[in-house]
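Scroll down for the structure; my scribbles are underneath it.
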Amino acid sequence: MILPKPDESTLMTTSLPSADQAPKTMTDYVYGQLREDIIQGKLIPDSKLKIEHLRGEYKVGATPLREALSRLSSDGFVITEGQRGFRVSPTSAADLDDVTELRIMLELKALKSSLLHGGDDWESRVVATYYQLSKVEELDLFENLAVWEQRNHDFHWALISACTSKWLLHFYNILYDQHKRYRNISLIANLGKRDVHDEHQRIYAAALARDVETACRETEQHIRLTAGITHQVLQELAKEKTA
């Protein structure tokens, strides 16, 4: 397939979901920082989140910190332990399965809606984000992981961006980031064992053709491949701990 090059105005107007927009308050700021650090694994799963330590680390007061941690608890990234404070939600193979199944359910439903309702603006977003993603996938992904991750996110979001349910998109965004926690555990192994560009190309072609059945099938397989490789990495890590 010949990849059309979108004009620069299309590239500039591609937007992210609301969770990635600029923070408006100190609580929004620390919420975003904590969320990203949990997703990236900088804050270790099941570790305690001590307010005094976090105040120094993120240079914010106790009140916005507590408000941010409460929001993260609602999103499932943090566990509230009553009077004992907060800790990062643990990871496990069982939780990975749960997150994967829920993400597939929400993403396929959103994708169907998007393919049925998306107009020229939706198609322009899909073409633009796929073009950007393809350019980085021509490079060494191991040296461009951060850029690839962002453009991968943008492409998947563009595909479902014409979904008519704001609540579906809201909960999908949470599940995507929950799944990203696990994907980051095994990202290098993941990219080394598959042709992600070919997977994206098949999803892209089906989406532009408005072939709902093929687009959903390819998307589900794409997500399940990630989960399968992540499972292998989790098993290897568990063996290392018990060795």
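I'd like to know which of H117, A158, V136 lies farthest towards the positive end of the charge dipole of region 88-198, counting +1 on Cβ of Lys and Arg and -1 on Cβ of Asp and Glu.
Of the options given, the answer is H117.
Give me the extension gain from L168 to D28: residue separation times 0.36 nm, minus the current Cα-Cα distance, reported in nm with one decimal.
Between L168 and D28, full extension yields 48.2 nm more.
Carbon and sulfur: what percent of the chain's accessible surface (1.4 Å probe)?
53
If a paramagnetic tag sat 7 Å from the Cα of A146 along the Cα-Cβ line, which residues of region 37-60 would have the backbone N under 17 Å from that point?
37-43
Based on the alpha-carbon gyration tensor of the chain, what equivalent-ellipsoid semi-axes (square roots of 5 times the eigenvalues) come out, in whole Å, largest first?
On the way: eigenvalues 201, 95, 57 Å².
Working through the eigenvalues yields semi-axes of 32, 22, 17 Å.
Lysine pairs, Cα distance under 28 Å, 8 or more residues apart or cross-chain: how many in region 25-146? If you can, show how the numbers build up before the last one.
Details: K42/K50; K42/K59; K48/K59; K50/K59; K112/K135.
Final tally of qualifying lysine pairs is 5.
Quote the accessible area belonging to Y58 in square angstrom, nearest 10, computed with a 1.4 Å probe and with ligands, DNA and RNA left uncounted.
20
Across region 68-119, what fraction of all alpha-carbon pairs, as a whole percent, falls in each successive 10 Å bin from zero upward?
In order of increasing distance, the bins hold 22, 31, 27, 16, 4, 0 percent.
The values are calculated or read from the model by the stated rules, or taken from the named source; none is laboratory data. All of these numbers come straight from a predicted model, not from anything done at the bench. Every residue, glycine among them, receives a Cβ derived from its backbone with ideal geometry; neighbour counts consider all protein chains shown. When the accessible area is computed, the model is the full protein with side chains, heavy atoms only, and any ligands, DNA or RNA have been set aside. Shrake-Rupley method; radii C 1.70, N 1.55, O 1.52, S 1.80 Å.
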